[in-house]
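Please read the structure below before turning to the comments.
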Amino acid sequence: MYRTLFPRDVFAELDRLQREMQEVFETGPSIRGVGRGGFPAVNIGSTPQSLELYAFAPGLDPSSIDVHLERGVLTIAGERAAGLPAQDEKASVHINERFAGRFRRVVSLPEDDVNPSGVTAEYRDGVLHVSVKRRQAPQPRRITIQ
């Protein structure tokens, strides 16, 4: 019936607040990428043969996207045009929820596990698919005695 000024479990609320603040300020490059809610949204997975990255970036010209791999750090950068009406006194924008401007996503990969010469990138239907082949592990072999 009556609400108290403070929640019953103050420490649980402080813990929740701390987790939310850490998510907001989490910007270090890692397998999870840079920040939350960045553009383009990415999914990252792996197979025994490769690491697979899918970046969801509809409406981009593939030539405006730069994919770069150096020392185990994969970078996807580019720019998306605003696509708004020309700025004049008769045109106005009521809602603008689409991301426009320069973007950059950085993902740290295990450097000793990836093959820099085995990287492919393909853009189709608004999805950028980057495949990074893994290095082949040395296979055991039988040595014949002469």
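The values are calculated or read from the model by the stated rules, or taken from the named source; none is laboratory data. What you are looking at is a predicted structure, and each value in this text was computed from that prediction instead of being measured. We place every Cβ from the backbone using ideal geometry, glycine too, and count neighbours over all the protein chains shown.
Tabulated results
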item	result
Residue match in region 33-46 (condition: closer than 21 Å to Asp113 by Cβ, surrounded by 12 or more Cβ atoms within 10 Å (Cβ to Cβ) and modelled with pLDDT under 85)	yes
Answer residue from region 12-32, given it is aliphatic (A, V, I, L, M) and within 27 Å of Pro58 (Cα to Cα) and is modelled with the highest pLDDT among those	Val24
Residues located in region 78-112, provided they are among the small types (Gly, Ala, Ser), touching a Lys or Arg at 6+ places or on another chain (Cβ under 8 Å) and modelled with pLDDT of 75 or more	Gly78, Ala100, Gly101
Subset of region 112-123 that is among the acidic types (Asp, Glu) and surrounded by fewer than 12 Cβ atoms within 10 Å (Cβ to Cβ) - its residue that is farthest from Ala41 (Cα to Cα)	Asp112
Residue among Val106, Val130 that is under 18 Å from the mean Cα position of the chain (by Cα), closer than 20 Å to Gln49 by Cβ and hydrophobic (A, V, I, L, M, F, W, C)	Val130
